[in-house]
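Shown next, in structure tokens, is the structure this report addresses.
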Amino acid sequence: VIRKKFMQKEEWRVLIDSIPELIEALEADPHSHGMRGLAKAIWEDLGNIARSWERGEPFVWYNLGFNPEIILGFEGVERNCIESQAVLQNLLGDIEYTHGYIDRAEAAGIPPDCCSADKAAVGAIMRGMYPEPACCVGINTPCDSQVMSTQAMAELSGRPLFVIDVPYYDDERTIRHVAMQLFELIPFLQKHTGRKMDWDRLKRACELSNQAVEKIWEWLDLRRAAPLTQSSKLVAFTLVHQVVFCGTQLGVDVAEALAKEARERSERKERFFEERVRAVWYQDPVWTDLQIYDWMEHQLGLTVPVDVFGFYAQEGLIDTSSQESMLYGLARKLVMCQPMSRQFRGNIETYIADFMHMHQAFQADCAIFAGHLACKHAWGGIGLFREACRKAGIPLLVFEFDMFDARITPRDALQTELARFVNEVVWPRKQRKLRKATA
Amino acid sequence: MSAKAHIDKFREVIAGPDNRYIQAWKESGRGVVGYFCSYVPVELISAMGLLPVRLRGAGSTDSGPADAYLSARICTYVRHTLTLALSGRYDYLDGEIGLNTCDHVRRAFDLWRHKTAVGFHGFISVPRNVRDSLFPYFKEEIENLKGALEKHFSKNIGDDDLKKAVAAQNRVRDRMRRIDGFRGEEIPRLSGAEALTVAVASFVMPAEEFVKEADQLIAELEKEQPSGEKPRARLLLAGTELDEPGFVEAVESQGAVVAADSLCFGTRAHQSPVDEGAGDLFEALCQRYFFQTPCARMIGNFSERFEAMMVTIEERKIDGVVFQRLKFCDPWGAEAHKLRLRCKRVGVPLLVLEREYGLVHAGQVRTRVQAFLEMIGASARKTGRGRGRGRGNEART
């Protein structure tokens with residue numbers, strides 16, 4: 001079914017051919033549960049999408065600030081995150097296709113300074129990469145680029161759009177406001193998909209979501225230990241998990257695979273790289289070039305135990321005891337747990353406080369602000385963040401790059417920045433501190 | 001005094017962050033509150049006996065101080081405005097109201113709180129979509145702002161205070177609508193740049209003073225007879241925050257007139273009055289602001305804005321739309337894409353321009369506008385249809 005539904009577009013063909021190959025390659029490393037688990041889950045998810053597509057079931061499109069559990073409460077309704085094509089191509093397919101989507105969107109009038117994830121989403125829609133939706137759900141978080149992509153998805157698909165407004169604040173009133181809108185969303189989805197909300201199904205989705213969250217917390221706890229025994233590049237996949245897999249058994253499997261790998265590697269005290277310096281990677285991961293993390297680990301001894309996408313806040317659990325409590329829990333998760341939405345939707349203090357927590361909890365030596373070019377809500381906070389780091393005595397590296405468009409900053413430029421920072425700032429400083437402590 | 005002399009007075013008022021009206025207000029011992037966006041009900045501030053002043057970057061020539069905090073990825077409107085605040089040129093403010101207008105304004109609000117000496121920081125979280133079910137949240141936000149203002153400035157807003165403030169602001173809207181009419185004429189007595197000059201002044205002057213000046217201007221304009229040739233083309237100017245008449249001058253320099261706009265410093269801010277006869281005036285005030293022609297920050301409300309624009313296009317016999325956007329603005333970036341699709345569908349010529357605040361690239365703008373006007377003219381000749389009825393024209397950018 002996968003082949004039948006996806007093989008008409010070369011972009012899909014490349015992905016469909018490459019994922020089984022990747023899974024096979026990963027089988028060679030018996031301890032690589034995390035990456036293998038993720039690749040397998042993506043493969044299975046594509047199978048589910050293909051089957052739903054084949055059966056003519058309704059699809060709901062949404063943007064990356066949304067968590068799909070509520071859609072899973074509708075039997076026979078399939079979900080599609082419009083940014084997924086860019087993520088899949090960058091991580092598992094061919095990044096040139098992402099570049100193609102970006103160029104297509106820009107040619108259609110999307111400004112170049114918008115986020116490449118969203119430009120790629122628009123380009124992928126224009127290219128007809130996704131099964132047509134019955135309706136769309138748009139949320140205003142994490143950033144203004146979502147204002148662009150959500151409206152483009154509605155305009156291009158011609159389907160009704162339901163907008164979820166997440167306010168500025170972090171309080172109870174905000175969560176109730178979002179929960180009220182999730183309640184409003186249900187009749188909207190019923191009307192446009194022609195399916196009924198099944199509260200038992202939603203309960204099951206919330207339970208699976210909770211199981212996955214618990215495992216992700218366990219996984220992140222294991223990553224606190226120094227030295228880090230598991231690859232740095234894995235941590236940002238928490239976002240993929242949250243946007244695509246939460247509420248599914250696949251999500252539980254991925255979370256368990258990540259935790260299992262960390263657990264086994266820590267038990268074996270395995271160190272396949274020499275850790276010298278630990279960083280909180282406090283912005284977007286380099287999804288144009290995952291191998292750069294391997295280079296960082298092996299060449300610089302630089303590890304990333306946690307990043308802003310990987311951090312999973314404490315408000316992730318959903319109370320499944322009633323319909324109201326589930327909607328409340330889902331709303332709380334959207335407001336408080338979604339990476340970036342949590343840190344940037346409101347005041348900058350949350351962003352800085354989360355960093356300080358991560359820096360301490362994950363025993364970091366420094367901060368790396370990998371500034372995704374179009375991430376205005378983050379760049380706008382750079383001055384206060386820099387001051388906070390200075391005050392706390394934390395070395396900070398700031399550089400510009402684009403997490404989906406490899407044409408912006410070449411690999412060697414990133415390597416130069418990282419190498420200089422680690423070798424000339426952080427590592428000498430850490431050695432001085434160690435010497436002082438020893439003396 | 002001629003109409004031109006009146007316009008010059010307004011021009012002087014908007015030249016910088018401060019003006020003689022604000023100074024006189026302060027000298028009389030009264031407070032001033034700055035605010036960021038057209039979703040702030042200024043009547044609440046006026047009802048407190050305070051002067052609402054819309055925050056702008058006019059008078060800033062170097063955004064360096066703000067760049068150090070915000071980076072160069074934030075729009076230049078916000079950077080210049082913050083620069084003025086960081087360099088003390090907004091020190092006369094007794095308070096400031098921020099919003100979640102966009103990523104940029106939100107981040108600027110952090111810095112207003114941390115890096116300025118302004119004593120009061122109010123905030124409104126405006127829902128990102130206009131629909132009935134979200135109105136109660138907006139109303140509650142306005143109630144909270146009212147409470148915060150009352151607490152900080154130790155004054156309660158009485159019914160009469162609000163009534164007077166609403167009436168005064170409606171008079172401002174009324175005068176602006178009348179002034180706007182002069183640039184919509186077949187041979188306009190007012191240019192688009194002049195209309196914007198007056199509109200911007202209405203945001204930085206006490207309402208009573210503005211109305212007095214505006215009445216004099218209207219009287220002068222009514223005395224003048226339309227003269228000269230018909231403009232080469234009649235344009236509608238839409239897009240991002242724009243409080244710089246110099247940009248409009250550059251657009252009009254090729255013989256066209258900006259006969260209408262869809263700007264938050266222009267027509268959008270003045271088009272709908274608060275219902276003074278409403279039983280619950282506070283509710284009516286909130287409704288006016290929440291259900292106004294939406295800004296592009298509102299997700300999913302493009303159709304309302306586009307339909308309102310189409311009505312204006314009909315009424316003012318518009319030949320083409322010039323859409324301008326401040327670099328890095330995502331909400332209006334989305335608009336550029338949707339406008340292209342819709343304008344093409346309905347056959348309205350569209351020109352998309354990018355700009356930076358405080359720096360009018362007059363040469364570039366002129367060249368682009370000139371080419372656009374030629375395209376409109378050629379298209380009109382080809383279809384055999386006159387200007388102002390450009391439905392047969394295919395949109396090009």
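The values are calculated or read from the model by the stated rules, or taken from the named source; none is laboratory data. All figures in this text were calculated on a predicted structure; none of them were measured in a lab. No Cβ is skipped: glycine too gets one built from the backbone with ideal geometry, and neighbour counts run over all protein chains shown.
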Pairs, first closer than 19 Å to B:C102 by Cβ in segment A:147-162, second at pLDDT 95 or above and of a type in the set (D, E), C-beta under 6 Å, six or more apart: A:V147/B:D330; A:M148/A:D118; A:M148/B:D330; A:S149/A:D118
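Of the residues A:Y130, A:Y168, which is out of contact with any Asp or Glu (no Cβ under 6 Å at 6 or more places or on another chain), under 21 Å from B:E141 (Cβ atoms) and either among the hydroxyl-bearing types (S, T, Y) or more than 10 Å from chain B (Cβ to nearest Cβ) (or both)?
Working: A:Y130 fails: under 21 Å from B:E141 (Cβ atoms).
After applying the criteria, what remains is A:Y168.
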Residue in segment B:334-358 that is surrounded by the fewest Cβ atoms within 10 Å (Cβ to Cβ), counting only those that are under 24 Å from B:G255 (Cβ atoms) and more than 14 Å from chain A (Cβ to nearest Cβ): B:G347
Any pair with Cβ under 6 angstrom, 6 or more apart, that starts in segment B:319-330 at a residue that is farther than 14 Å from B:V248 by Cβ and ends at one that is of a type in the set (F, W, Y): B:R325/B:W332; B:L326/B:Y77
Qualifying positions in segment A:258-273 - within 15 Å of A:W217 (Cβ to Cβ) and either surrounded by 22 or more Cβ atoms within 10 Å (Cβ to Cβ) or without any contact (Cβ under 8 Å) to a residue 40 or more places away in the chain (or both): A:L258, A:A259, A:A262
Residue list for segment B:305-362, filter: within 19 Å of the chain's Cα centre (by Cα), among the small types (G, A, S) and more than 27 Å from A:C375 (Cβ to Cβ): B:A308
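Determine, yes or no, whether A:W219 is surrounded by 23 or more Cβ atoms within 10 Å (Cβ to Cβ) and aromatic (F, W, Y).
Working: surrounded by 23 or more Cβ atoms within 10 Å (Cβ to Cβ): yes; aromatic (F, W, Y): yes.
In short, yes.
Yes or no: B:P331 within 14 Å of chain A (Cβ to nearest Cβ), in contact with a helix residue (DSSP H, G or I) (Cβ under 6 Å, 6 or more places away or on another chain) and at pLDDT 90 or above? Walk me through it before giving the result.
Details: within 14 Å of chain A (Cβ to nearest Cβ): yes; in contact with a helix residue (DSSP H, G or I) (Cβ under 6 Å, 6 or more places away or on another chain): yes; at pLDDT 90 or above: yes.
Here the answer is yes, as B:P331 does meet what is asked.
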Residues located in segment B:108-150, provided they are farther than 21 Å from B:L162 by Cβ, facing another protein chain (nearest Cβ under 9 Å), charged (D, E, K, R) and outside any loop (DSSP other than H, G, I, E, B): B:D110, B:R113, B:K115
Restricting segment A:133-165 to residues that are at the interface with chain B (Cβ under 7 Å from one of its Cβ atoms) and under 18 Å from the mean Cα position of the chain (by Cα), the residue that is surrounded by the fewest Cβ atoms within 10 Å (Cβ to Cβ): A:N140
A:C114, sole failed condition from (1) within 14 Å of another protein chain (Cβ to nearest Cβ); (2) more than 26 Å from A:L330 (Cβ to Cβ); (3) touching a helix residue (DSSP H, G or I) at 6+ places or on another chain (Cβ under 9 Å); (4) surrounded by fewer than 19 Cβ atoms within 10 Å (Cβ to Cβ): (4)
Residues (surrounded by fewer than 24 Cβ atoms within 10 Å (Cβ to Cβ), acidic (D, E) and not in a helix (DSSP H, G or I)) located in segment B:212-242: B:E224, B:E229
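Filter segment B:259-295 down to residues that are among the polar types (S, T, N, Q) and assigned to a helix (DSSP H, G or I) and give me whichever is modelled with the highest pLDDT.
Step one: filter segment B:259-295 for residues among the polar types (S, T, N, Q), giving B:262, B:267, B:271-272, B:287, B:292-293.
Applying the additional criterion that residues be assigned to a helix (DSSP H, G or I) yields B:267, B:287.
Working: B:T267: 94, B:Q287: 98.
Checking each candidate, the answer is B:Q287.
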Conditions (1) surrounded by fewer than 23 Cβ atoms within 10 Å (Cβ to Cβ); (2) part of a helix (DSSP H, G or I); (3) touching a helix residue (DSSP H, G or I) at 6+ places or on another chain (Cβ under 7 Å); (4) not hydroxyl-bearing (S, T, Y); number of the one not met by A:Q343: (1)
